[in-house]
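To keep things clear, I will list the structure first and then write my remarks on it.
The values are calculated or read from the model by the stated rules, or taken from the named source; none is laboratory data. Quick caveat, the model's predicted, so the values are computed rather than measured. Glycine also receives a Cβ, built like all others from the backbone with ideal geometry; neighbour counts cover every protein chain displayed.
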Amino acid sequence: MIKLAVSGCCGRMGQRISALSLKDKSFKLSALLEGQARPDSPTQLHNVPVSYNNDAIKGAKVLIEFTTPEATMLNLKACVKHKVNMVIGTTGLDKKQIAEIKKASKKIAIVFSSNMSVGVNLVFALIKRASQVTGKDYAMSLVEMHHIHKKDAPSGTAKTMAEIAEQFSKSKVKNIESIREGEVIGDHTITFESPVDLISIRHNAKTRDIFAEGSLVAAKFLGKKKTGLFNMQDVLGLQ
């Protein structure tokens, strides 16, 4: 059984991760973290204390992190200190912060991915193949849509899609359009267009549970890992 800690436990993602973990016999929910910016947080959830002190993760095997870049960096240090592996789904991290994650992965095992969804990671694999075949003969563009509360644009998923497409086509994505509307969970479309046809690869998230479920799959993957930096392609064997 994997002792699991969840950061941002009162947020939308944190709540779903916690709830789904309770239904999976592979996990024991052992610690819940919340930030000082939420002083109205309950003292406990699911009979587990809610703590503002990230030392509460001591004894856990894995921490799942879907919060802010600043909180993620603080919790990364706590994970290294207490030898707790980490699943990081936080987006909006800068190059310096990503370098810190890579450095920490020499001491603990980390799954770091812009999108934890199994479906989206299958899309990443499809983009790789499509880019290899179409190459420079097709113009590539991206459209991503999220809820109005999302702060980063383009989304981390859109950036990853573009990076994969550019790496394997040896060509540039000509445009990434970011739309913020209503409570859209996450829609992503990449198109490959030539003078004679247009190919679209699209993913629409129906519920945040796809990310929560994916993060739990990643946590299981880390159950027997000691060090190393991994992504969801590694977790799912899609490399």
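Any idea how many residues of the range 39-80 are within 22 Å of the chain's Cα centre (by Cα) and not polar (S, T, N, Q)? Don't jump to the end; show me each part of the working.
Our first condition is that a residue be within 22 Å of the chain's Cα centre (by Cα); within the range 39-80, this holds for 54, 57, 60-80.
Adding the requirement that they be not polar (S, T, N, Q) leaves 57, 60-66, 69-71, 73-74, 76-80.
Total meeting the criteria: 18.
Which residue pairs have Cβ atoms under 7 Å apart, sit 6 or more places apart or on different chains, and have a first residue in the range 72-100 that is assigned by TED's automatic domain parsing to the domain that holds Phe112 and a second that is of a type in the set (D, E, K, R) and part of a helix (DSSP H, G or I)? Here the result reads Met73/Glu100; Leu76/Glu100; Ala78/Asp55, each pair linking the range 72-100 to a residue that is of a type in the set (D, E, K, R) and part of a helix (DSSP H, G or I).
Under the condition of being over 24 Å from Pro69 (Cα atoms) and modelled with pLDDT under 95, the residues counted in the range 1-22 number 1. Only one entry in Ser21, Ser7, Ser51 is farther than 18 Å from Phe211 by Cβ and of a type in the set (Ser, Thr, Tyr), namely Ser51.
Please enumerate the residues belonging to the range 128-144 that are assigned to a strand (DSSP E or B) and surrounded by fewer than 20 Cβ atoms within 10 Å (Cβ to Cβ). Outline the logic, then answer.
Step one: of the range 128-144, the residues assigned to a strand (DSSP E or B) are 139-144.
Residues satisfying the conditions are Ala139, Ser141, Val143.
On the basis of being part of a strand (DSSP E or B) and either crowded, with 16+ Cβ neighbours inside 10 Å or polar (S, T, N, Q) (or both), does Ile190 make the cut? In short, yes. Within the range 219-230, residues that are at positive phi have Cβ atoms under 6 Å from residues that are assigned to a strand (DSSP E or B) and crowded, with 16+ Cβ neighbours inside 10 Å in these pairs: Gly228/Ala109, counting only partners at least 6 apart in sequence or on another chain. Of all positions in the range 151-169, at least one carries a residue that is part of a loop (DSSP other than H, G, I, E, B), crowded, with 22+ Cβ neighbours inside 10 Å and either within 18 Å of the chain's Cα centre (by Cα) or β-branched (Val, Ile, Thr) (or both).
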